[in-house]
Amino acid sequence: MSVLKNPWWWVAVIVFVLHQVAQRGMDVQLGPLDSYLDPFLAAPILLGLWLFERQLIFRQPRLSWFETAIATLVLAVLFEEVFPVYEEGFRRDVVDYAFYGLGGLYFYFLINRRGA
C-alpha cells in the first residue's frame with residue numbers, strides 16, 4: 001500500500017497541522033504536548049515521505065528496521081544538536097530523543113507495515 005493511502009500516516013499529518021494551527025495561529029497552549037508532539041510526529045511524517053519516494057521510484061515496499069532506526073536517529077540529532085546551533089527557534093531537549101524514538105516505532109509498525 002502506498003504511504004499516501006495509509007490512514008496512520010494521514011493521522012500523523014493531520015494532528016501535526018492541527019497542532020501547528022492551534023499553537024501558532026490561535027495561540028492555544030497545550031503544555032507538554034507543545035514540547036513533545038512535534039518530535040513524536042517528525043519521524044512518521046518524514047520517513048513516510050521518504051518511503052513514498054522509494055515506493056514511487058524504486059518500487060521498494062517498505063524500509064528495513066535498520067533504515068528506520070538510522071533515519072530516526074539522524075532526524076533526532078539534526079533537530080536536537082545541529083538546528084539549535086544555527087536557528088534561535090530551536091532548543092535542545094534530551095527528552096525529545098525518546099519521542100523521536102517513539103515516532104520511529106509508530107512509523108515502523110503502523111505506516112511501514114509488511115503487506116500494507
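Each reported figure results from applying straightforward, stated rules to the coordinates on display, with no laboratory input. From a predicted model like this one, the values you see are computed outputs, not experimental measurements. All Cβ positions, even for glycine, are placed from backbone atoms using ideal geometry, and neighbour counts span all protein chains on display.
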* **Taking Asp38, Asp27, Asp93 and counting other C-beta atoms within 10 Å, the order from fewest to most** => Asp27, Asp93, Asp38
* **Local net charge near Gln60, Cβ-Cβ under 12 Å (Lys/Arg +1, Asp/Glu -1)** => +1
* To do: Please give the contour-minus-distance gain from Trp50 to Lys5: 0.36 nm per residue of separation, less the Cα-Cα distance, rounded to one decimal in nm.
  => 14.7 nm
* Between Phe58 and Asp27, 0.36 nm times their residue separation minus their Cα-Cα distance comes to what? -> 6.9 nm
* Under 5 Å between amide H atoms, partner at least 5 residues away or on a different chain: which partners does Gln60 have, H built in plane at 1.01 Å? -> Gln55
* Asked: Quick one: net charge of Val74's neighbours, Cβ under 15 Å, K/R +1, D/E -1?
  -> -4
* Taking Cα atoms of the chain, Rg/Rh with Kirkwood Rh, to two decimals? -> 0.99
* Asked: How would you rank Ile111, Ile70, Ile45, going from fewest to most other Cβ atoms within 10 Å of each one's own Cβ?
  -> Ile70, Ile45, Ile111
* Structure fact -> In nanometres, the difference between 0.36 nm per residue of separation and the alpha-carbon distance of Phe83 and Val13 is 23.0 nm
* Asked: Please state the relative contact order of the chain as a whole percent: Cα pairs under 8 Å, 6+ residues apart?
  -> 37
* Estimated distance in nm for a label pair at Phe66 and Leu102, the labels positioned 7 Å out from Cα along Cα-to-Cβ -> 2.9
